[in-house]
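S.K.: My questions all concern the structure below.
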């Protein structure tokens with residue numbers, strides 16, 4: 001072998017070694033989620049991350065939604081689990097943090113936390129030490145879907161106040177259109193339904209009175225707001241007690257119903273099911289003209305780092321990147337979710353409108369404040385609301401059950 | 001060869017024991033690992049405060065006290081228990097009662113009885129989840145087959161699964177439709193074992209169908225009735241899939257379809273929307289279910305076996 005050839009061979013060997021070393025030093029981290037349907041979008045996002053961080057490769061691993069809490073808790077308790085874990089918010093997150101399974105995040109490890117608004121951070125904060133453990137990923141807005149074509153055809157204008165809502169609903173019903181598509185057949189959504197229509201009657205003052213312990217759910221304002229829900233029964237489809245949220249969605253997108261109390265998380269779904277739909281998403285009816293339009297908002301969850309991860313540094317790097325505007329812009333565009341990151345540009349007109357509504361939104365009271373211990377407000381409300389809507393209990397009874405149940409762990413309600 | 005083996009076994013009895021033990025070991029290991037150990041763990045967990053995440057703390061009978069005597073848990077427990085009992089009674093009367101009549105008609109080999117037998121037994125081979133989905137669709141207030149049919153005679157949309165007074169009955173109906181073939185087959189097998197002479201003798205003595213069924217067949221198929229009763233009891237207390245698929249994990253509407261299996265699952269593993277897990281309280285419910293099922297089954301077996309002998 002000539003010297004030149006030997007030199008070339010050595011150079012090639014060194015290059016190959018360098019490549020091999022590069023592969024050997026690359027860090028593979030896993031991202032665990034229940035959002036199986038978002039795989040393509042996340043893989044695209046993770047590819048962008050790897051472009052910026054060639055040493056880190058992210059593997060998307062998803063699990064069935066209904067088993068996700070059990071899978072995550074079993075894995076974490078065994079010292080395993082993904083490096084970055086997609087978490088639900090509030091009480092769900094808190095039980096894991098309490099057990100020490102997630103790494104705290106601060107501005108030194110996750111500088112992009114600075115891009116998050118305060119109410120979003122609450123969703124990922126552990127109440128006991130006030131530290132953030134999960135970077136919020138999306139806000140969810142609850143309001144009223146409007147089928148604009150149905151309204152145009154009926155010669156009606158979508159309502160803004162409660163009185164208008166009743167008048168318009170009567171007119172729609174007379175024309176053989178279901179005014180409101182919703183039924184009471186889906187427990188988790190029933191809780192959302194209550195929040196959507198009661199929040200405009202409650203207002204921010206009620207929230208602060210409730211959280212400061214000045215009042216309870218037995219408050220006449222809450223009982224009266226519940227009473228308003230009973231008026232809706234006349235404008236829901238026949239047999240509404242047994243109509244689930246999926247059917248309601250079908251009634252709405254097919255034009256059989258004019259309005260649907262729903263969540264911004266379904267905008268993409270409805271569009272994919274009926275690309276021709278001409279819809280709007282507005283604030284639910286206000287108590288009276290001149291009030292501030294109030295949608296309901298909560299944060300669905302966030303991204304946490306497994307405290308036992310062998311690749312904590314890489315995992316924190318990924319989470320930090322998921323808090324940047326670059327991520328938020330693309331995340332919103334790909335998934336039709338509203339990123340809470342400040343300055344994110346939402347190109348979709350309807351989603352941008354929802355983001356605007358968020359500026360005056362009310363928190364989802366039950367989800368944000370009463371899902372931390374058992375019995376949760378959700379368990380109590382979901383059980384009672386169908387009874388109230390079918391007339392077997394009164395709003396007063398529901399309010400009392402909710403207050404007394406929560407008093408088991410929520411000190412401000414004790415003895416009231 | 002045989003003699004040699006016998007000789008070996010006699011000379012070395014421990015070898016025979018070793019041989020049996022080696023055959024039993026794999027099954028025993030599986031039993032201990034996957035049945036006994038989880039069962040004992042569930043019993044142990046029932047006395048601990050444990051959410052599946054943090055170290056446990058022994059709290060004695062606290063979990064039992066909560067599910068039996070502390071609102072709102074106790075209210076949920078008794079509501080679910082009540083529905084299990086209703087399910088047992090309804091299944092005994094409607095499912096097994098119908099099964100008895102069907103078995104008798106099949107025994108008489110009326111024209112078309114083979115097709116009849118296939119039709120009755122066919123749903124049994126379906127998965128409970130599929131049956132649940134099927135009946136959920138059939139009972140849909142707006143688009144379901146049942147309501148579409150009722151609409152033809154002017155009856156409006158009935159929210160079968162959304163109304164507190166009809167929800168449990170609807171779920172039970174689906175369950176009966178699913179399982180009817182099973183007790184029918186067991187009872188038919190019992191009837192087929194009765195000697196033809198006994199039936200013919202009764203016929204000659206002038207016994208009609210009613211007398212034949214109540215005086216001859218009913219007592220003579222006592223072992224089959226014991227099996228059907230015990231299995232119905234166990235089934236109605238372990239009831240889960242069909243109520244879960246048709247009415248959801250929370251037993252909607254307003255707990256009208258809640259049963260102990262759903263309540264136990266919700267408590268232990270948390271629901272998707274609430275997510276708070278409580279393995280301790282869930283285990284207490286599971287232990288209670290175990291005690292009820294094992295206790296009542298033992299008592300019922302004793303009573304029913306005695307009845308078989310007396311008959």
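No lab work stands behind these numbers, since they all come straight from the coordinates. Treat the numbers as computed from the prediction; the structure is a model and nothing was measured. Counting neighbours? That spans all protein chains shown, and the Cβs are built from the backbone with ideal geometry, glycine included.
S.K.: How far apart, in nanometres, would the label points at residue B:59 and residue A:48 be if each is projected 7 angstrom from Cα along the Cα-to-Cβ direction?
M.R.: 4.5
S.K.: To continue, here is another question. Rounded, prolate or oblate: pick one for chain B, where a ≥ b ≥ c are the square roots of the eigenvalues of its C-alpha gyration tensor, a/c under 1.5 means rounded, and failing that, prolate if a/b is larger than b/c, else oblate.
M.R.: On the way: a/c = 2.02, a/b = 1.01, b/c = 2.00.
The shape class here is oblate.
S.K.: Still on this structure: How far, in nm, would the chain grow between residue A:153 and residue A:129 when pulled straight, counting 0.36 nm per residue and subtracting the alpha carbon separation?
M.R.: Numbers: separation 24, 0.36 × 24 = 8.64 nm, distance 5.55 nm.
3.1 nm is the gain from fully extending residue A:153 to residue A:129.
S.K.: Hey, another quick one. So, in Å, what gap is there between the alpha-carbon centers of segment B:113-147 and segment A:34-67?
M.R.: 41
S.K.: Another question about this same structure. Measure off 7 Å from each Cα along the Cα-to-Cβ vector at residue A:409 and residue A:74, then give the distance between these two points in nanometres to one decimal.
M.R.: Spacing of the two 7 Å Cα→Cβ label points: 2.3 nm.
S.K.: Now for a separate question. Apply the a/c threshold of 1.5 to the C-alpha gyration tensor of the protein assembly as shown and tell me whether it is rounded, prolate or oblate. All intermediate terms of the calculation are to be shown ahead of the outcome.
M.R.: Details: a/c = 1.91, a/b = 1.25, b/c = 1.52.
Since a/c reaches 1.5 but b/c is at least a/b, the shape of the protein assembly as shown is classed as oblate.
S.K.: Report the residue, chosen from B:106, B:23, B:285, that carries the largest GNM mean-square fluctuation when chain B is represented by alpha-carbon nodes joined by springs under 10 Å.
M.R.: Highest fluctuation of the listed residues: B:23.
S.K.: Something else now. On a C-alpha basis, how far is the centre of segment A:189-261 from the centre of segment A:155-185 in Å? Whole number, if you could?
M.R.: A separation of 15 Å, based on Cα centres.
S.K.: What is the calculated FRET efficiency for residue A:224 to residue B:207, with r their C-beta to C-beta distance and R₀ = 56 Å, to the nearest 0.05?
M.R.: Numbers: r = 70 Å, r/R0 = 1.25.
So, using R0 = 56 Å, E works out to roughly 0.20.
S.K.: Can you tell me the relative contact order of chain B? Whole percent, Cα pairs under 8 Å, sequence separation 6 or more.
M.R.: Numbers: 357 pairs, mean separation 79.6, N = 311.
In percent, rounded to a whole number, it is 26.
S.K.: Tell me the angle of helix A:312-321 to the major Cα principal axis of chain A, expressed in degrees between 0 and 90 and rounded to the nearest ten.
M.R.: 50
S.K.: Work out how much length residue B:115 to residue B:23 would gain on full extension: take 0.36 nm times their residue separation and subtract the Cα-Cα distance, in nm to one decimal. Kindly include the intermediate steps, with their values, before the conclusion.
M.R.: Details: separation 92, 0.36 × 92 = 33.12 nm, distance 4.42 nm.
So the chain would gain 28.7 nm between residue B:115 and residue B:23.
S.K.: Average the reciprocal distances over every distinct pair of alpha-carbons in chain A, invert the result, and give the Kirkwood radius in Å.
M.R.: It works out to 23.3 Å.
S.K.: Between residue B:189 and residue A:66, how high is the FRET efficiency from 1/(1 + (r/R0)^6) when r is the Cβ-Cβ distance and R₀ = 30 Å? Nearest 0.05.
M.R.: Calculated value: 0.15.
S.K.: In percent, how large is the relative contact order of chain A, given Cα pairs closer than 8 Å and 6 or more residues apart? Intermediate values should be presented prior to the final figure.
M.R.: Values: 714 pairs, mean separation 98.5, N = 416.
Value for chain A: 24 percent.
S.K.: Measure out, as a whole number of angstrom, how far apart the alpha-carbon centroids of segment A:275-306 and segment A:350-366 sit.
M.R.: Centre-to-centre (Cα) distance: 4 Å.
S.K.: Another question, if that's okay. Based on the alpha-carbon gyration tensor of segment B:120-199 and its eigenvalue square roots a ≥ b ≥ c, which shape applies: rounded if a/c is under 1.5, prolate if not and a/b is larger than b/c, or oblate? If you can, show how the numbers build up before the last one.
M.R.: Numbers: a/c = 3.11, a/b = 2.44, b/c = 1.28.
Prolate, since a/c reaches 1.5 and a/b exceeds b/c.
S.K.: Could you give the nm distance between label points at residue B:40 and residue A:349, where each point is 7 Å from its Cα heading toward the beta carbon?
M.R.: Placing both labels 7 Å beyond Cα along the Cβ direction yields 6.9 nm.
S.K.: Something else: Given the options B:97, B:270, B:295, state which has the largest fluctuation in a GNM of chain B using a 10 Å cut-off (strictly under) for Cα springs.
M.R.: It is B:295.
S.K.: Given a Förster distance of 30 angstrom, what is the FRET efficiency for residue A:37 paired with residue B:152, based on the Cβ-Cβ distance and rounded to 0.05? Mind dumping the intermediate values first?
M.R.: Details: r = 39 Å, r/R0 = 1.31.
Given R0 = 30 Å and the Cβ-Cβ separation, E is 0.15.
S.K.: Continuing with the same structure: Measure nothing but the geometry: give the 0 to 90° angle between the long axis through the Cα atoms of A:395-406 and the longest principal axis through the Cα atoms of chain A, rounded to 10°.
M.R.: Around 40 degrees separate the two axes.
S.K.: Compute the length gained on full extension between residue A:334 and residue A:28: take 0.36 nm times their separation in residues and subtract their Cα-Cα distance, giving the result in nm to one decimal. Present the calculation step by step, with values, prior to reporting the outcome.
M.R.: Numbers: separation 306, 0.36 × 306 = 110.16 nm, distance 2.40 nm.
Gain in length upon complete extension: 107.8 nm.
S.K.: Among B:96, B:175, B:51, which one shows the highest mean-square fluctuation when chain B is modelled as a Gaussian network with alpha-carbon springs under 10 Å?
M.R.: Of B:96, B:175, B:51, the Gaussian network model singles out B:51 as fluctuating most.
S.K.: Right, next: So how tilted is helix A:3-25 from the main axis of chain A? Cα-based, degrees 0 to 90, rounded to 10.
M.R.: 30
S.K.: To continue, here is another question. Quick check for you: which residues of segment A:311-334 have the amide N under 14 Å from the point 7 Å beyond the Cα of residue A:59 toward its beta carbon?
M.R.: Flagged as within label range: A:311.
S.K.: Then there's this: Can you pull the three principal axis extents for the Cα set of segment A:136-208, in Å, largest first?
M.R.: The Cα atoms of segment A:136-208 stretch 41, 27, 24 Å along the principal axes, largest first.
S.K.: Run the numbers on segment A:25-95 and let me know its relative contact order in percent, using alpha-carbon pairs under 8 Å that are six or more apart. Before the final figure, lay out each step's value.
M.R.: Values: 77 pairs, mean separation 32.7, N = 71.
Worked out over segment A:25-95, it gives 46 percent.
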